[in-house]
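Input: a single structure, listed below in structure tokens.
The values are calculated or read from the model by the stated rules, or taken from the named source; none is laboratory data. Note that the coordinates shown come from a computational prediction; the quantities given were computed from them, not determined experimentally. Methodologically, a virtual Cβ is constructed for each residue, glycine included, from the backbone with ideal geometry; neighbour enumeration extends over all protein chains shown. Accessible surface areas use protein heavy atoms only, side chains included; no ligands, DNA or RNA. Shrake-Rupley method; radii C 1.70, N 1.55, O 1.52, S 1.80 Å.
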Amino acid sequence: MMKLIKANDYNDLSRKAANILSAQVILKPRSVLGLATGSSPIGVYKQLIEWYQKNDIDFSEVTTVNLDEYVGLAPENPQSYRYFMNHHFFNHINIDKTKTHVPNGIADDLEKECEAYNHLLDEVDGIDMQLLGIGLNGHIGFNEPDGEFEKLTHVVNLNASTIEANKRFFEKIEDVPKSAISMGIKSIMQAKHIVLIVSGQEKYDILKQSLFGPVTPHVPGSILQLHSHLTVIYSCDREL
Ligand code: GLP
């Protein structure tokens, strides 16, 4: 089932998505949440923090698994996704940090790290709700357009267009890592409920292609059409 919700603007989108995530945690305090980085979810985290401060949500039993991390960036590097998650979310709520998981981008053996992350995903016994954004080229997590879908956690070389899109977070383009660790398509698709948030007119075409075009690894987000419980919240000027 695909549910499309059009939001009025970024703020509305953030509140709607936060409402769905908070309902998930209220209904199941021991939820496993799949979380994302990028500019899209920042408003969602901000809203959830506000509700936490009002005592509306309790994160003490929640486990989180993040989609991805840059290779070579340590957790204390402000550009790393671990830092992002602490800074934008975890530091401000009552989550047990040992239950928050982000791939380790500075692992000595990256292949082993991927295996360990897959093992962790098995151990937590499935993601209850996955918050997801989409890249301009259709990537989800860091699953870049390719000849086939990568099923499990893997090391990926980032596309030139992704490096270009993400350079806004760095001082200069040379600072953007060239590779990342990303959860695979199978792990994402096994989430019980996926909440895709898409904001901005520039994402309109890729969103439309993902949801209504052919399912192909050249548009990784297109696989979401096959998910049994997908909620899409979007704020673009036009209706889909
Ligand atoms: C980044 C992340 C993705 C994110 C996407 C969109 O590279 N790895 O998880 O969904 O690109 O980012 P934004 O929300 O900033 O447009």
Segment 107-223, relative contact order [Cα under 8 Å, separation at least 6], %: 35
For segment 129-173, accessible area per residue (1.4 Å probe, heavy atoms of protein chains only), Å²: 48
Give the percent of DSSP beta bridges with both residues in the chain that are antiparallel, rounded to the nearest 5. 25
So what's the back-of-envelope 222 nm ellipticity for the chain, counting only DSSP H runs of four-plus at -39500 (n - 2.57) apiece and dividing by all residues, rounded to 500? -9000 deg cm²/dmol
Considering the chain as a Gaussian network with a 10 Å cut-off on Cα pairs, which listed residue, GLU61, GLU174, GLU50, attains the greatest mean-square fluctuation? GLU174
Roll a 1.4 angstrom probe over the protein heavy atoms and tell me the percent of accessible area of the chain that is carbon or sulfur. 49
Gyration tensor on Cα atoms of segment 1-64, a ≥ b ≥ c root eigenvalues, a/c under 1.5 rounded, else prolate if a/b beats b/c, else oblate, says prolate
With +1 on the Cβ of every Lys and Arg and -1 on the Cβ of every Asp and Glu, the dipole magnitude of segment 110-240 about its Cα centre, in debye rounded to the nearest 20, is 320
I want to verify a result. In a Gaussian network model of the chain, Cα cutoff 10 Å, which of these has the top mean-square fluctuation: ILE194, ILE93, ILE20? ILE20
Students often forget the sequence filter, so: which aspartates and glutamates lie under 19 Å Cα-Cα from LYS46 once same-chain residues fewer than 8 apart are removed? ASP9, ASP12, ASP56, ASP58, ASP96
Using protein chains only and a probe of 1.4 angstrom, how many square angstrom of ARG15 are accessible, to the nearest 10? 110
Checking GLY184, GLY105, GLY147 against a Gaussian network model of the chain (alpha-carbon springs below 10 Å), the top fluctuating residue turns out to be GLY147
Run the 1.4 Å probe and let me know the accessible area of MET1, rounded to the nearest 10 Å². 130
Taking Cα centroids, how far is segment 1-57 from segment 73-123 in Å? 20
Computed over the Cα atoms of segment 72-182, what is the ratio Rg over Rh, Rh following Kirkwood? 0.94
Can you give the percent of C-alpha pairs in segment 113-240 whose distance is more than 20 Å? 46
About the Cα centre, and with charges only on the beta carbon of Lys, Arg (+1) and Asp, Glu (-1), how big is the dipole of the chain? Nearest 20 debye, please. 800
Per 5 Å bin, what is the whole-percent P(r) computed from every C-alpha pair distance within the chain? 1, 7, 14, 20, 21, 19, 13, 5, 1, 0
Beyond 19 Å, the calculated P(r) of segment 1-130 holds a percent of Cα-Cα pairs equal to 51
Along the dipole axis of the chain (charges at Cβ: +1 for Lys and Arg, -1 for Asp and Glu; origin at the Cα centre), the most positive-end residue among GLY34, MET1, VAL176 is MET1
